[in-house]
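Report on the structure given below.
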Amino acid sequence: MHSITQQHIRERLWYRYQRRLAPYLFISPFYILFVVFALGPLIAALYFSMIKWPGTGPMTFLGLANYLELFEDEIFLKSLGNTTYYAIGAVFVILPVALFLALLINAAVVRAKSLFRIAFILPVLTSTVAATIMFLLMFEHQYGLFNVALEAVGLNALKWLDEELVKLSVLLVAAWRYTGLSMLYFLAGLQSIPTDVYEAASVDGAGRWTTFWQITLPLLRPVSLFVVVVSIIGSFQFFAEPLLLAGGGPNNASLTIANYLYRVGFSYLRMGYASAVGYILAVIIFILTLLQLKFFGAFGRS
Amino acid sequence: MRTSPKLWPRIEAVAAHLFLAGALLYMSIPFLWMIGASLKKQSEIFRNPPTFIPDELVFGNYVNLFVEFDFLRHFLNSTFLAVVHTLLYLFFCSLAGYAFAKYEFRLKNLLFLLLLGSMMVPGYTLFVPLFVLAIRLKLVDSYIGVLLPGIVGAFGIFFMKQNMESIPDELLDAARIDGTTEFGAFWRVARPLAAPAMAVLAVLAFLNSWNDFVWPLVILRTRELQTLPVILAGMVGTYRMEYGIVMAGSFLSALPVLILFTSMQRNFMQGLTVGALRG
Amino acid sequence: MNTSKLSRRDFLQRAAFMTMGASAATALAACQPAATVSDDATAGDAAPMSEPVELSLWTFGSFFTDFYEAIFPAYKEIAPDVTIEVQEIPGGQLFDNLIASFAAGTGAPDIADIEQGSMSRFFKGEIGLIDLTDLIAPYVDDYVMARTDPYAYLGHIYGIDHCLCPVVLYYRHDLYAEAGIEMPVATWQDFAEAAQGFEGTEAAAISLADRSWGDYWMLLTQRGTGGIFNADGEVIIDQPEAIDTLSFYVDQLTSGTFAVTPSGPASYAALTEGTIAGRIGADWFGGFIKLNVGDPGHGLWMAAPLPAWEEGGARTTAHGGTGYTITRQSEAPDAAWAFIEFALFDEDNKYIEYGVNNLIPPILSMLDDERYLAPDPWYSDQSIGALYRDLGGEIPRHNRHPFFSEAVNLLSNAVTEAVAGDKNPAQALEDMAQELRETIDKG
C-alpha cells in the first residue's frame, strides 16, 4: 500500500517533470549546435567588424570606425537602395502572386493540380548555369524573347540590362526562381485550414471575397508571417542572380548588399569592413523582422 | 444581357487555368531548355531565339558524364547525404517547432528571437571563422563534418512552428489524459497532423542538402567523397567549357528531387477536417 | 645549359635531386652547366633515399584535374615517394578557401592554381605565397616572362602561368574581304580607316564584349605602358596613352567600327548569325568561338595579329591565365616546385595539357613542334599555332598591385561612363585615378 502510493507519487512527479522539461529538451539540439557552430563565429565576426585586417598579418583596432564609414560609403548606400528595391518587389509583388497561385491551385475547380505544383518547383531544380544562359538570351536586345514579345504587341524593344532597367530584370529572374517556393509554403498553410470551416461559411452564405478576408487570411496568419519574414531575410541576403545576370553592374546598378559584402571581404580583403557590412545587414533584417512579428501579433499570444 | 448562373463559374475556371498555364510556361521554360541543351551539340546550344528541340539528337553528353566524370559515385554520395540530412532535419526541426508552437515556457520569446537572429547574419560574414572551426574540430574530410552543423536549423524550426500553431490543443490534451508522454503527444498526434508541412519541409531540406556547395568544399578533401554540385561546378571551366555535359548533369541531378516531390504529392493534399480533429 | 629545349631527362635529374630533400637553391645549381647531379644519375638511383612526401594541390576546374591526373603516373616514376592529392574547388570558391586558410594560418594546400584575376588580392597583408623569383630565374630565357606579370608585385614573382594566352584578332575572312580590308593591318589608325568598308553592312569590324573593361584592358596593355600601375606601384591610368586608348575605343564605338555585342551566351548566338565580323581575344577565346559556333562557321574564320599602336609596336597582349603558386604553409616547398617544373617545363606534359585544356604553352621553343603548328581546318586551314608562336615574344609587360581588384572595378565604371558619354575619356580616367589613389592611401 505504502510503496504503491510512493510509486504513484513518483510517477506523477515524473509525469509533471517531463511535461515541464519537454519543451527545453525539444529545442535543445538547435541551441547546442548554435553554441558549438555559430556562437564562436558570430563573436569572431563581431570583433572583426571593429578592426582593420587584410586577412593576414597584424590587426588594427578601430572601434566603430568601420560602421561610421558605411554611412559615407556611396557604393554601400547604393547597394542598400538596390536591395531595398528587391525586398519591396519580393514582399509586395512576388508574395501576393505566390499566394494567388496557391489559392488557385487549392481551388476546387482547378484540374491537374499536381502538374502545376511540379512545374512551380522546376525553377529551383534548374541549374544556375542553364538559368543564366537562358535569361541572358531572353534579355538580349535584338532576338531576346522579352523584346520579341514586346514588339509583337506593338511596343518598343527595351534595353533590359542597362542601368535603368537592370533591377527590374533581376527581379523578373528572382520572381521566376522564388515564386514557386513561396507558393508551396502558402499551399502547406492552406492545407492546414480545416475544410469544414469553409463549408460552414458557405452555408452562412458568405461570398468568396468575404471568405478570403474573414476566414482564409486570418487562418493563414502564422504561415504568412513565416513567408514574409523569410522573404525579407532572403531578399536582404540576395546574392546570386544580380551577380550572374549583370555582375552587380552596370555601374553597380544591380549590386546588392550581400554582393558588396563579398566584394569588400573576399576581393578587396577588407575583412573588418566586410564584417561591419554583415552586422549592419543583420541589424536591418532584425528590425524589419521585429516589426513583422509585432504586425502579425506573434508576441503576447496565449 | 445577363450571363446564365452556370456560365460564370466556367469562365472563371477557364481564366484560372489560363493564368496558371502562363505561370507554368514562365516557370518551366529554362528547365525545358536545359533538357534540350543536354541533347545538343555544343554549337547548337547558343541560338537566339532559343531552340528547345535539337536538330540533331546527341546522347554523348550523358555518356561522357558517366565515363569521364564518375557521375554515379557522386550522385550516390549526394543521395546518401541528402537522405540522412532530410530525416534528421525533419525530426529535430518539427520537434523544436512543436515546442515553440504548443508550449509556454520561460525565455520562450527571447530564445525564439535568438533563433530568428541566427538567420540574419549573412553566410560570408561567418565564412572565415567557420573555416577555422571546421579545422579545429577535426571535421575535415568526413561526412559527419558535412552533416553535423545542419541537422537542425532555424528556418525549419520557424516553418514547423508556424504550421503547428493551428493544431488544436484539445487533441493534445486528449492524448495526455490517455497517459501519453509529451514526446508521445508530439509523435502520435502533432506529427501526423503536420504532414502537409512536413512534406514541404522534406522537399526543401533535401533540396538544400542536394545543392549545398560551399560547406562540402570546406569539409571534403578526397574527390571520391565529393558531392554532385561540386563536380558539376567543376565542369564550368574558365578557359574551356562543354555546356552540353553540364546541362546533362544538371538534368539528371534534378531528377531525385523531382521524384521525391512527386511522391510527396499525396501528402500535400492531406487537408484537415474536423472529423480528423475528433480523431 | 641547354636553354632552347628542356628534355624530360633534365627533369628526371632535377626532380629526383629535389625530392632528396636538398634545398631549392642548391637544387637549382643542378641545372647550371656544371651540374651537381652527374649526367648518368637516374631517378631510380636517387629516389630511394628520399622521405615520403605528400603534396596537396588545389585547382578549380575539371580540365586542370584531368591534366594533373594524366601526368601523375609519369611523375610517380621519377619521384616515387611523392604523392599528390588534387582537390578541385570550383569557381571562385578556391580563392575564398585560400583566403580563409591564410587567415586561419592552417588548412592551405602546398600548391594552388590561382586565376590571374584573383591573384592580386593576395598581395595584401602578409603574403601567404612563396616568392618564386629565384626559382624562376633559370628559365627567364625560355619562358615568356610577361606571363609572370599577373603574379608579381614590386619585382617579386609569386606565381607562374600555365599558358601563353596571346591575344589576336579573330575575324570572318569572307566579311573582311567584302569590306575590302586586307589583313593583317599594321596599326590601329590604319584599321580604323580600313574598317569604314563595313559601313552600310549589318556587321561591325570588331565587336566588343558589352559592359566589360576587358577589351579596353587588352588594348591598353598592348601599348606596353604597364596598364593601371607603373613598376613602382603608382597609379598611371590618367596618363596620355591610357586616355588616348580610351578615346580611340569610344571613337570607334561612336563611328561604328566597333560595335557592342551582348556579353556571354548571347554573343555566341550572335557569332553564328554573322552580325559579328571580328573579336579580339586570347587563344582560349578562339577555342570558345570554334566550339560554340561549330559547323556553320567552318572555314569562315581566321586569326591575325592585332594592329599595333605604332609601327613596330607589339601586335599582341595577353588575356586571362592561371598561375601555379606555392603557399607558405607548405612543409615541402621544394618538392612542390619540383612538381611544378615537371608540369610546366616538360614539353610532353605541356602537350598533354594542351590536349585537355587547349592552353598554349608559355614557352616559345615548344611551339616549333608540328603538334601545335598543324593547320586548323575550322580556321580556314590556317596554322593558328604558328601565329601564337610568332606573337608570343611580343607580349608587353604590365604591372599588378594589391589594389588591382579595386582598380578594375573603378576602371569598369570609368569605361561605362565614357562609352555612355557621361564623361569624356580624359575626365573619366582622371576621376578614376583620383579615386583609386584615395582608396590606396586609405589602405
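Derivation of every value follows stated rules applied to the coordinates shown; laboratory data play no part. Model, not experiment: these values are computed from the prediction. Please note: Cβ atoms are built from the backbone with ideal geometry, for glycine as well, and neighbour counts cover all protein chains shown.
The stretch A:66-301: D in µm²/s via Stokes-Einstein (Kirkwood Rh, Cα pairs, 4 °C, 1.567 mPa s)?
On the way: Rh = 20.0 Å.
Rounded to a whole number, D works out at 65 µm²/s.
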### Task
Give the Rg (one decimal place) followed by the Dmax (whole number) of the stretch C:52-114, computed from C-alpha coordinates and expressed in Å.
12.6, 36
## Note on the structure
Hydrophobic long helices for chain A, i.e. whole DSSP H runs reaching 30 angstrom or more by Cα along the axis with Kyte-Doolittle mean at least 0.5, come out as A:166-191, A:271-295
### Message
Need one value for A:73-84: mean number of C-beta atoms belonging to other chains within 10 Å of its residues' C-beta atoms.
### Response
0
#### Entry: Convex hull volume per residue for the stretch A:2-48, taking Cα atoms only, in Å³
75
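Take each complete run of DSSP H in chain B, measure how far its Cα atoms stretch along the helix's own axis, and keep only those covering 20 Å or more with mean Kyte-Doolittle hydropathy at least 1.0; list them. Don't skip to the answer; put the middle values down first.
Working: long enough: B:7-38 (45 Å, 1.27); B:71-102 (45 Å, 1.16); B:195-211 (24 Å, 1.36); B:243-263 (30 Å, 1.76).
Span-like helices here: B:7-38, B:71-102, B:195-211, B:243-263.
Summarise the partner chain shielding of C:285-296 as one whole number: the mean count of Cβ atoms from other chains within 10 Å of each residue's Cβ.
So the per-residue partner count for this stretch is 3.
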### Task
Evaluate the relative contact order of the stretch A:66-301 (contact order divided by residue number), counting alpha-carbon pairs under 8 angstrom at least 6 apart; express in whole percent.
29
### Message
What is the sum of charges, Lys and Arg at +1 and Asp and Glu at -1, for the other residues whose Cβ falls under 15 Å from the Cβ of B:L116?
### Response
+3
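Let's test the formula: R0 of 56 Å, r as the Cβ-Cβ distance of B:T222 and B:F105. What FRET efficiency results, to the nearest 0.05? Let's see the in-between values first.
Numbers: r = 44 Å, r/R0 = 0.79.
With R0 = 56 Å, the Cβ-Cβ based efficiency is 0.80.
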### Query
Quick one: what does P(r) look like for the stretch B:61-278 with 10 Å bins over all Cα pairs, in whole %?
7, 27, 30, 22, 11, 4, 0
### Summary
At 10 °C in a medium of viscosity 1.306 mPa s, the stretch C:117-192 has a Stokes-Einstein diffusion coefficient, with Rh taken as the Kirkwood radius over alpha carbon pairs, in µm² per second, of 101
### Message
Run lengths n ≥ 4 of DSSP H only: what is the helix-derived mean residue ellipticity at 222 nm for chain C, with -39500 (n - 2.57) per run over all residues, to the nearest 500?
### Response
-12500 deg cm²/dmol
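Take the alpha carbon atoms of the stretch B:7-58, find their radius of gyration, then divide it by 2.2 N^0.38 Å using N residues; give the quotient. Please list the in-between numbers first.
On the way: Rg = 16.4 Å, N = 52, 2.2 N^0.38 = 9.9 Å.
So the stretch B:7-58 has a normalised radius of gyration of 1.66.
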### Query
Any idea what Rg and Dmax come out to for the stretch A:99-204 if you just take the C-alpha atoms, in Å?
18.5, 56
### Message
With viscosity set to 0.692 mPa s at 37 °C, what whole-number translational diffusion coefficient in µm²/s follows for chain C from Stokes-Einstein and a Kirkwood radius over Cα pairs?
### Response
143
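Can you give the percent of C-alpha pairs in the stretch C:299-363 whose distance is more than 18 Å? Walk me through the intermediate numbers first.
Details: 1244 of 2080 pairs.
For the stretch C:299-363, the fraction of Cα-Cα distances above 18 Å is 60 percent.
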#### Entry: log10 of Debye I(q)/I(0), alpha-carbon scatterers only, for the stretch B:1-112 at 0.11, 0.13 Å⁻¹
-0.82, -0.88
### Query
Got the relative contact order for chain C handy, in percent, Cα pairs under 8 Å and 6 or more residues apart?
25
### Listed residues B:A185, B:A82, B:A96, most fluctuating in chain B (Gaussian network, C-alpha, under 10 Å)
B:A185
### Query
When the C-alpha atoms of the stretch C:179-318 are aligned to their principal axes, what extent does each axis show, in angstrom, from largest down?
49, 28, 26
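Net charge within 10 Å of C:D149 by Cβ-Cβ distance, Lys/Arg positive one each and Asp/Glu negative one each, not counting C:D149 itself? All intermediate terms of the calculation are to be shown ahead of the outcome.
On the way: positive: C:R147, C:R397, C:R400; negative: C:D161.
For residues surrounding C:D149, the net value is +2.
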### Task
Please report, in whole Å, how far the alpha carbons of the stretch C:289-442 spread along each principal axis, starting with the longest.
52, 50, 33
### Task
Calculate for chain B the 222 nm mean residue ellipticity that helices alone would give, adding -39,500 (n - 2.57) per DSSP H run of length 4 or more and normalising by residue count, nearest 500 deg cm²/dmol.
-21000 deg cm²/dmol
### Message
Quick check: pseudo-label points 7 Å beyond the Cα along Cα→Cβ at A:D204 and A:L39, how many nm apart are they?
### Response
4.9
## Note on the structure
With Cα coordinates, the longest principal axis of chain C makes an angle with the long axis of helix C:425-442, in degrees rounded to 10, of 30
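Helix-only mean residue ellipticity at 222 nm, chain A, DSSP H runs n ≥ 4 weighted -39,500 (n - 2.57), per residue, nearest 500. What is it?
Details: 15 runs with 201 residues, N = 302.
Per the formula, -21000 deg cm²/dmol.
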### Query
Excluding B:D55 itself, what net charge comes from residues whose Cβ is under 12 Å from its Cβ, given Lys and Arg +1 and Asp and Glu -1?
0
### Query
Want the number for C:E77 to C:R328: 0.36 nm per residue separation, take away the alpha-carbon distance, what's left?
87.6 nm
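Quick check: convex hull of the Cα atoms in the protein assembly as shown, volume per residue, rounded to a whole Å³? Please list the in-between numbers first.
On the way: hull volume 201.6 nm³, N = 1024.
Convex hull volume per residue, Cα atoms: 197 Å³.
For peptide B:148-159, compute the average count of partner chain beta-carbon atoms within 10 Å of each residue's beta-carbon. Working shown, then result.
Numbers: counts 3, 5, 2, 3, 8, 3, 4, 4, 1, 4, 5, 6.
Mean inter-chain Cβ contacts per residue within 10 Å come to 4.
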### Summary
If one compares the long axis through the Cα atoms of helix C:62-78 with the longest principal axis of the Cα atoms of chain C, the angle in degrees, nearest 10, works out at 30
### Query
What's the angle, to the nearest 10 degrees (0 to 90), between helix C:283-293's Cα axis and the longest principal axis of chain C?
60
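Can you give the FRET efficiency for A:V197 and A:I32, using 1/(1 + (r/R0)^6), R0 = 35 Å, r = Cβ-Cβ distance, to the nearest 0.05?
Numbers: r = 39 Å, r/R0 = 1.13.
That pair, A:V197 with A:I32, gives E of 0.35.
Under 1.5 on a/c is rounded, so check that first for the stretch C:150-208, then, if it is not, pick prolate when a/b is larger than b/c and oblate when it is not; a ≥ b ≥ c are the square roots of the alpha carbon gyration tensor eigenvalues.
Judged from the Cα gyration tensor, the stretch C:150-208 comes out prolate (a/c at least 1.5, a/b above b/c).
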